[in-house]
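Heads up, the thing below is written out as structure tokens.
The values are calculated or read from the model by the stated rules, or taken from the named source; none is laboratory data. Note that the coordinates shown come from a computational prediction; the quantities given were computed from them, not determined experimentally. Glycine also receives a Cβ, built like all others from the backbone with ideal geometry; neighbour counts cover every protein chain displayed. Ligands, DNA and RNA are stripped out before the accessible areas are found, and what is left, the full protein with its side chains, is counted by its heavy atoms. Shrake-Rupley method; radii C 1.70, N 1.55, O 1.52, S 1.80 Å.
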Amino acid sequence: MGNSLICRTKKDAKDNGSKSKRMGKSQRKMLAEEEFLHKQALSMALHQHQLSQRFDGSMSRRIGSTSSRRHADPLANEKKLLESLEKIKFKKIVLLHGEGFGAWCWYKTIAQLEEVGLQPTALDLTGSGIDLTDTNTVTTLAEYSKPLIKYLENLPVDEKIILVGHSSGGACLSYALEHFPEKISKAIFLCATMVSNGQRPFDVFAEELGSAERFMKESQFLIYGNGKDKPPTGFMFEKQLMKGLYFNQSPTKDVALAMVSMRSTPLGPIMEELSLTPEKYGTGRRFYVQTLEDRALSPDAQEKLVRENPPEGVFKIKGSDHCPFFSKPQSLHKILIEIVQIP
């Protein structure tokens, strides 16, 4: 029995050895197959990634991207951008809101510009945002623009700013270009009232709101701060109309913010004819940013402004409503950075 046990043990050991050899060969074969499949999968993934890069590049060119280069290391790109912006002489960017808005509407833009080392400042125009002035007492463009005028007057002699004006805030931008051309390095009109000499800011919106005369007589959105027997002093659209005109592509949270923050707009400033001269306003470097899903100032109306009063450069934001700082903040940021870097 002892011998038979030994014999069995030897036999089992021999069998186990042959089995392990067979399993070793089988495992090696399996591992080789797995390695081959892994390499094949990697090759296919790499090929697919290269195809997607080519596709992304062609897409970016078709949609009018500012760059047709293939994707690079984002950290390297950011470092290069920061180094480029560090060399720019004038880093101060002043942001002017449009009718009914306030400095609050630029919160995304401010954060993005600060992240790349620029120095943005958003101003509340008179009677807007947290400025406590009664809008019914603001009757001229000079009064409406006072916060901007004060800012420019206090700017050091050797400093200039980049000025961005949204919507009717473009009129304040034009006013500043006429009175402080030496203080403004670039003026950016963001779907704004870039009027010509002798025009009123309101005239730009005539396509959507009708003539100024008709609006003053018939509009249900007028405010009579001095009594019904006196001329209207301001206006404010009903909330549902505002949503349709201004925010047709904006996130709901931003729309909700606007609904609780917007104030009435003084009527006098946007009904005032601007006096703009070639010697002052005409020497300014102007850029226009068009918004292509805009219902407050239609793309056709914006195109007409650009055609009649040509700026140095024109940029377009696809998919943006009248408030690209809400609906397309990243696209707006890229355009602002591109304009900042123009020599």
*Within the stretch 302-343, which residues have the backbone N less than 14 Å from the label spot 7 Å out from residue 81 along Cα→beta-carbon, could you tell me?*
329-341
*Given a cut-off of 16 Å, what percent of all Cα-Cα pairs of the stretch 273-343 lie beyond it?*
55
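Starting from the stretch 237-318, pick out the GluC sites (Glu not before Pro) whose DSSP state is loop and whose Cβ has at most 14 other Cβ atoms within 10 Å.
Details: sites: 238, 272, 273, 279, 293, 303, 308, 312; in loops: 238, 272, 273, 279, 293, 312.
Answer by residue number: 238, 273, 279, 312.
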*If we count every other residue with Cβ under 15 angstrom of residue 317's Cβ, Lys/Arg +1 and Asp/Glu -1, where does the sum land?*
+1
*Along its principal axes, what span do the Cα atoms of the stretch 91-341 show, with the longest given first and each in whole Å?*
51, 40, 36
_Kirkwood Rh and Cα Rg combined as Rg/Rh, the stretch 196-259_ = 1.04
*Considering only DSSP beta bridges where both residues belong to the stretch 91-341, give the percentage that are antiparallel (nearest 5).*
15
*Stretchable slack from residue 92 to residue 252, in nm (0.36 nm times residue separation minus alpha-carbon distance)*: 54.5 nm
*Find how many whole Å separate the alpha carbon centroid of the stretch 273-307 from the alpha carbon centroid of the stretch 183-260.*
16
*Calculate, in nm to one decimal, what residue 121 and residue 259 gain on full extension: separation in residues at 0.36 nm each, minus their alpha carbon distance.*
47.4 nm
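With every protein chain left in place, what is the accessible area per residue of the stretch 91-341 in square angstrom, probe 1.4 Å? List each step's numbers first, then the result.
Working: 10440 Å² over 251 residues.
About 42 Å² of surface per residue is accessible.
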*Compute the length gained on full extension between residue 220 and residue 273: take 0.36 nm times their separation in residues and subtract their Cα-Cα distance, giving the result in nm to one decimal.*
16.7 nm
*Long-range tail of P(r) for the stretch 95-225 (Cα pairs > 24 Å, %)*: 31
